[in-house]
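*Asks:* Once you've had a glance at the structure underneath, I'll fire off some questions.
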Amino acid sequence: MERNGIEMNQDPIIELLDVERIYKMGTQTVRALDGASVKIYPNEYVAIMGPSGSGKSTMMNIVGCLDVPSSGTYVLNGQDVSDMDDDELAAARNREIGFVFQTFNLLPRVNCLQNVELPLIYAGHSRAKRKQMAEDALTSVGLGDRMDHRPNELSGGQRQRVAVARALVNKPAILLADEPTGNLDSKTGIEIMHLFEGLHNAGNTILVVTHEEEIAQHARRIIRLLDGKIHTDERVENPTLAGLETSTP
(Lines give C-alpha, C1' and ligand atoms only; values in the text may rest on other atoms or scores of the structure.)
Protein backbone atom coordinates (compact mmCIF):
# COMPACT_ATOMS: atom_id res chain seq x y z
CA MET A 1 0.00 0.00 0.00
CA GLU A 2 1.19 3.51 -0.80
CA ARG A 3 0.42 6.93 0.71
CA ASN A 4 1.86 10.21 -0.52
CA GLY A 5 4.20 8.26 -2.77
CA ILE A 6 5.67 6.38 0.19
CA GLU A 7 5.45 2.62 0.60
CA MET A 8 3.44 1.96 3.77
CA ASN A 9 4.95 -1.46 4.46
CA GLN A 10 7.84 0.32 6.20
CA ASP A 11 7.61 1.69 9.74
CA PRO A 12 7.16 5.43 10.27
CA ILE A 13 10.26 7.31 11.32
CA ILE A 14 8.08 9.84 13.19
CA GLU A 15 4.76 9.01 14.80
CA LEU A 16 2.65 11.36 16.89
CA LEU A 17 -0.41 9.75 18.48
CA ASP A 18 -3.04 12.02 20.05
CA VAL A 19 -0.36 14.49 21.18
CA GLU A 20 -1.34 17.42 23.37
CA ARG A 21 0.92 20.21 24.54
CA ILE A 22 -0.55 22.46 27.22
CA TYR A 23 1.12 25.56 28.65
CA LYS A 24 0.10 27.53 31.72
CA MET A 25 0.34 31.29 31.20
CA GLY A 26 -0.72 32.89 34.47
CA THR A 27 -4.32 31.89 35.01
CA GLN A 28 -4.79 30.87 31.38
CA THR A 29 -4.31 27.45 29.84
CA VAL A 30 -2.96 27.41 26.28
CA ARG A 31 -3.49 24.22 24.30
CA ALA A 32 -0.74 24.56 21.68
CA LEU A 33 -1.37 21.05 20.31
CA ASP A 34 -4.75 19.46 20.75
CA GLY A 35 -4.81 15.76 19.93
CA ALA A 36 -2.47 15.80 16.91
CA SER A 37 -1.82 12.43 15.26
CA VAL A 38 0.46 11.99 12.25
CA LYS A 39 2.85 9.45 10.75
CA ILE A 40 5.86 10.45 8.66
CA TYR A 41 7.78 7.80 6.78
CA PRO A 42 11.46 7.60 5.78
CA ASN A 43 12.37 9.85 2.82
CA GLU A 44 9.17 11.90 2.99
CA TYR A 45 9.41 15.63 2.26
CA VAL A 46 6.78 17.38 4.36
CA ALA A 47 5.86 21.04 4.82
CA ILE A 48 4.08 22.10 8.01
CA MET A 49 1.93 25.20 7.64
CA GLY A 50 -0.57 27.19 9.66
CA PRO A 51 -1.30 30.68 10.94
CA SER A 52 0.48 32.14 13.95
CA GLY A 53 -0.56 30.20 17.06
CA SER A 54 -1.66 27.14 15.11
CA GLY A 55 0.88 24.86 16.82
CA LYS A 56 3.39 24.33 14.01
CA SER A 57 6.41 25.48 16.02
CA THR A 58 5.28 23.38 18.99
CA MET A 59 4.98 20.36 16.73
CA MET A 60 8.47 20.99 15.35
CA ASN A 61 9.91 21.32 18.86
CA ILE A 62 8.32 18.03 19.94
CA VAL A 63 9.48 16.21 16.80
CA GLY A 64 12.97 17.64 17.39
CA CYS A 65 13.01 16.46 21.03
CA LEU A 66 13.30 20.06 22.22
CA ASP A 67 9.97 19.72 24.02
CA VAL A 68 7.83 16.85 25.25
CA PRO A 69 4.06 16.26 24.97
CA SER A 70 1.77 16.95 27.93
CA SER A 71 -0.08 13.81 26.89
CA GLY A 72 -0.13 11.40 23.99
CA THR A 73 2.76 9.49 22.45
CA TYR A 74 5.72 10.43 20.29
CA VAL A 75 7.68 7.57 18.74
CA LEU A 76 10.97 8.48 17.06
CA ASN A 77 12.48 5.80 14.86
CA GLY A 78 10.73 3.08 16.82
CA GLN A 79 11.47 4.42 20.32
CA ASP A 80 8.90 6.04 22.61
CA VAL A 81 10.41 9.40 23.50
CA SER A 82 8.67 9.39 26.91
CA ASP A 83 10.98 6.51 27.89
CA MET A 84 14.10 8.64 27.33
CA ASP A 85 15.88 10.63 30.04
CA ASP A 86 17.49 14.01 29.34
CA ASP A 87 20.81 12.51 28.24
CA GLU A 88 19.07 10.10 25.88
CA LEU A 89 16.98 12.94 24.42
CA ALA A 90 20.13 14.98 23.81
CA ALA A 91 21.80 11.98 22.18
CA ALA A 92 18.75 11.38 19.98
CA ARG A 93 18.76 15.02 18.86
CA ASN A 94 22.43 14.85 17.96
CA ARG A 95 22.24 11.45 16.27
CA GLU A 96 18.85 11.36 14.55
CA ILE A 97 17.98 14.99 13.79
CA GLY A 98 19.59 17.93 12.03
CA PHE A 99 18.22 21.45 12.63
CA VAL A 100 18.19 24.42 10.24
CA PHE A 101 16.90 27.74 11.57
CA GLN A 102 15.73 30.97 9.93
CA THR A 103 18.43 32.97 11.73
CA PHE A 104 21.22 30.47 10.87
CA ASN A 105 22.42 30.29 14.53
CA LEU A 106 26.11 30.32 13.56
CA LEU A 107 28.86 31.30 15.98
CA PRO A 108 30.25 34.60 14.62
CA ARG A 109 33.81 34.35 15.94
CA VAL A 110 34.75 31.01 14.43
CA ASN A 111 35.01 29.94 10.82
CA CYS A 112 32.67 27.76 8.78
CA LEU A 113 34.64 24.58 9.44
CA GLN A 114 34.54 25.11 13.20
CA ASN A 115 30.81 25.90 13.11
CA VAL A 116 30.10 22.66 11.28
CA GLU A 117 32.31 20.68 13.65
CA LEU A 118 30.25 21.60 16.73
CA PRO A 119 27.80 18.64 16.68
CA LEU A 120 30.76 16.30 16.21
CA ILE A 121 32.39 17.58 19.40
CA TYR A 122 29.22 16.67 21.33
CA ALA A 123 29.24 13.27 19.61
CA GLY A 124 32.77 12.61 20.85
CA HIS A 125 34.59 12.25 17.52
CA SER A 126 38.35 12.73 17.34
CA ARG A 127 39.74 16.04 16.06
CA ALA A 128 40.95 14.48 12.80
CA LYS A 129 37.62 12.79 12.14
CA ARG A 130 35.70 15.97 12.98
CA LYS A 131 37.74 17.95 10.50
CA GLN A 132 37.27 15.43 7.70
CA MET A 133 33.53 15.08 8.29
CA ALA A 134 33.05 18.86 8.44
CA GLU A 135 35.06 19.35 5.25
CA ASP A 136 32.93 16.72 3.49
CA ALA A 137 29.69 18.35 4.67
CA LEU A 138 30.76 21.82 3.51
CA THR A 139 31.87 20.47 0.16
CA SER A 140 28.51 18.73 -0.26
CA VAL A 141 26.69 22.09 -0.01
CA GLY A 142 29.05 23.84 -2.40
CA LEU A 143 31.23 25.64 0.14
CA GLY A 144 34.47 23.73 -0.16
CA ASP A 145 36.25 27.02 -0.92
CA ARG A 146 34.76 28.92 2.05
CA MET A 147 35.79 26.73 4.97
CA ASP A 148 38.11 29.32 6.54
CA HIS A 149 35.63 32.20 6.22
CA ARG A 150 33.69 33.51 9.19
CA PRO A 151 29.91 33.99 8.93
CA ASN A 152 30.18 37.78 8.47
CA GLU A 153 32.30 37.16 5.38
CA LEU A 154 29.50 35.20 3.70
CA SER A 155 26.24 36.06 1.98
CA GLY A 156 22.94 35.09 3.59
CA GLY A 157 22.57 32.13 1.28
CA GLN A 158 26.09 30.93 2.05
CA ARG A 159 25.43 31.21 5.79
CA GLN A 160 22.30 29.10 5.39
CA ARG A 161 24.37 26.53 3.48
CA VAL A 162 26.78 26.39 6.41
CA ALA A 163 23.78 25.82 8.69
CA VAL A 164 22.61 22.99 6.42
CA ALA A 165 26.12 21.46 6.43
CA ARG A 166 26.16 21.59 10.24
CA ALA A 167 22.72 19.95 10.33
CA LEU A 168 23.91 17.16 8.04
CA VAL A 169 27.39 16.53 9.39
CA ASN A 170 26.28 13.71 11.72
CA LYS A 171 24.36 12.12 8.83
CA PRO A 172 20.99 12.31 10.62
CA ALA A 173 17.97 10.58 9.15
CA ILE A 174 15.75 13.64 9.69
CA LEU A 175 16.28 17.28 8.71
CA LEU A 176 14.05 19.84 10.45
CA ALA A 177 14.01 23.31 8.90
CA ASP A 178 12.19 26.22 10.55
CA GLU A 179 11.47 28.98 8.00
CA PRO A 180 14.78 28.20 6.24
CA THR A 181 14.31 30.89 3.55
CA GLY A 182 12.75 33.54 5.79
CA ASN A 183 15.82 35.80 5.84
CA LEU A 184 16.78 35.24 2.20
CA ASP A 185 15.89 36.96 -1.06
CA SER A 186 13.77 34.96 -3.48
CA LYS A 187 16.66 33.87 -5.74
CA THR A 188 18.73 32.64 -2.81
CA GLY A 189 15.65 30.97 -1.34
CA ILE A 190 15.27 28.97 -4.54
CA GLU A 191 18.90 27.89 -4.28
CA ILE A 192 18.31 26.61 -0.74
CA MET A 193 15.20 24.74 -1.88
CA HIS A 194 17.30 23.22 -4.67
CA LEU A 195 19.69 22.03 -1.98
CA PHE A 196 16.81 20.49 -0.03
CA GLU A 197 15.58 18.75 -3.18
CA GLY A 198 18.99 17.12 -3.55
CA LEU A 199 18.93 16.01 0.10
CA HIS A 200 15.48 14.50 -0.38
CA ASN A 201 16.66 12.68 -3.50
CA ALA A 202 19.61 11.34 -1.49
CA GLY A 203 17.24 9.75 1.03
CA ASN A 204 16.81 12.29 3.84
CA THR A 205 13.47 12.79 5.58
CA ILE A 206 12.74 16.52 5.49
CA LEU A 207 10.25 18.57 7.52
CA VAL A 208 9.98 22.27 6.71
CA VAL A 209 7.96 24.72 8.79
CA THR A 210 6.98 27.64 6.59
CA HIS A 211 4.29 30.28 6.20
CA GLU A 212 5.13 30.69 2.50
CA GLU A 213 2.90 28.73 0.16
CA GLU A 214 5.47 28.80 -2.64
CA ILE A 215 8.06 27.20 -0.35
CA ALA A 216 5.58 24.56 0.85
CA GLN A 217 4.86 23.61 -2.75
CA HIS A 218 8.41 22.24 -3.06
CA ALA A 219 7.45 19.48 -0.60
CA ARG A 220 5.60 16.29 -1.47
CA ARG A 221 3.10 16.58 1.36
CA ILE A 222 1.61 19.54 3.24
CA ILE A 223 0.23 19.28 6.78
CA ARG A 224 -1.83 22.34 7.74
CA LEU A 225 -2.49 23.05 11.42
CA LEU A 226 -5.29 25.12 12.90
CA ASP A 227 -5.87 25.72 16.61
CA GLY A 228 -3.51 22.91 17.57
CA LYS A 229 -5.22 20.34 15.38
CA ILE A 230 -4.28 18.87 12.02
CA HIS A 231 -6.67 20.65 9.67
CA THR A 232 -5.58 19.00 6.41
CA ASP A 233 -2.91 16.51 5.36
CA GLU A 234 -2.55 16.30 1.61
CA ARG A 235 -0.15 15.16 -1.03
CA VAL A 236 1.35 17.77 -3.36
CA GLU A 237 0.45 16.47 -6.80
CA ASN A 238 2.85 18.70 -8.75
CA PRO A 239 5.70 19.85 -6.50
CA THR A 240 7.53 22.98 -7.58
CA LEU A 241 10.64 21.81 -9.41
CA ALA A 242 10.74 24.32 -12.27
CA GLY A 243 13.97 26.26 -12.30
CA LEU A 244 15.70 24.04 -9.75
CA GLU A 245 17.72 22.28 -12.42
CA THR A 246 19.49 25.49 -13.35
CA SER A 247 20.00 26.82 -9.82
CA THR A 248 23.49 26.83 -8.40
CA PRO A 249 23.87 23.63 -6.34
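*Asks:* Answer yes or no as to whether VAL19 is farther than 30 Å from ILE121 by Cβ, assigned to a strand (DSSP E or B) and touching a residue at least 12 places away in the same chain (Cβ under 8 Å).
*Replies:* yes
*Asks:* Condition first: at pLDDT 90 or above and touching a Leu at 6+ places or on another chain (Cβ under 7 Å). Can you find one or more residues in region 206-217 that meet it?
*Replies:* Yes - at least one qualifying residue is present in region 206-217.
*Asks:* What are the residue pairs meeting all of these: first residue in region 134-153, first residue touching a residue at least 24 places away in the same chain (Cβ under 8 Å), second residue aromatic (Phe, Trp, Tyr) and crowded, with 16+ Cβ neighbours inside 10 Å, Cβ atoms under 9 Å, and 6 or more apart or on different chains?
*Replies:* Here the result reads PRO151/PHE104, each pair linking region 134-153 to a residue that is aromatic (Phe, Trp, Tyr) and crowded, with 16+ Cβ neighbours inside 10 Å.
*Asks:* Which condition breaks for LEU175 when tested against (1) surrounded by fewer than 18 Cβ atoms within 10 Å (Cβ to Cβ); (2) within 12 Å of the chain's Cα centre (by Cα)?
*Replies:* (1)
*Asks:* Can you tell me which condition ILE192 does not meet? The list is (1) in a helix (DSSP H, G or I); (2) surrounded by fewer than 22 Cβ atoms within 10 Å (Cβ to Cβ); (3) in contact with a Lys or Arg (Cβ under 8 Å, 6 or more places away or on another chain), and all the others hold.
*Replies:* ILE192 satisfies every listed condition except (2).
*Asks:* Got a sec? Which of HIS211, HIS200 is within 18 Å of TYR45 (Cα to Cα), surrounded by fewer than 23 Cβ atoms within 10 Å (Cβ to Cβ), within 13 Å of the chain's Cα centre (by Cα) and not aromatic (Phe, Trp, Tyr)?
*Replies:* Going through HIS211, HIS200 in turn, the sole match is HIS200.
*Asks:* Pairs only if they're at least six apart or on different chains, beta carbon under 9 angstrom, first in region 56-76 and under 15 Å from VAL38 (Cβ atoms), second charged (D, E, K, R) and buried (at least 23 other Cβ atoms within 10 Å of the Cβ); list them, first residue then second.
*Replies:* none
*Asks:* Can you pull out every residue in region 137-166 that is over 15 Å from VAL100 (Cβ atoms) and either touching a Gly at 6+ places or on another chain (Cβ under 7 Å) or loosely packed, with under 15 Cβ neighbours inside 10 Å (or both)?
*Replies:* If the condition is that a residue be over 15 Å from VAL100 (Cβ atoms) and either touching a Gly at 6+ places or on another chain (Cβ under 7 Å) or loosely packed, with under 15 Cβ neighbours inside 10 Å (or both), then THR139, GLY144, ASP145, ASP148, ASN152, GLU153, SER155 are the ones that fit.
*Asks:* Please count how many residues of region 117-154 are in contact with a helix residue (DSSP H, G or I) (Cβ under 7 Å, 6 or more places away or on another chain), more than 16 Å from GLY198 (Cβ to Cβ) and small (Gly, Ala, Ser).
*Replies:* Counting residues in region 117-154 that are in contact with a helix residue (DSSP H, G or I) (Cβ under 7 Å, 6 or more places away or on another chain), more than 16 Å from GLY198 (Cβ to Cβ) and small (Gly, Ala, Ser) gives 2.
*Asks:* Can you tell me which residue within region 169-196, out of those that are touching a strand residue (DSSP E or B) at 6+ places or on another chain (Cβ under 8 Å) and of a type outside the set (A, V, I, L, M, F, W, C), is nearest to GLU96 (Cα to Cα)?
*Replies:* Filtering region 169-196 for residues that are touching a strand residue (DSSP E or B) at 6+ places or on another chain (Cβ under 8 Å) and of a type outside the set (A, V, I, L, M, F, W, C), the one nearest to GLU96 (Cα to Cα) comes out as PRO172.
The values are calculated or read from the model by the stated rules, or taken from the named source; none is laboratory data. All values derive from a computational prediction rather than experimental measurement. Quick reminder, even Gly has a Cβ in these numbers, built from the backbone with ideal geometry, and neighbours come from all protein chains shown.
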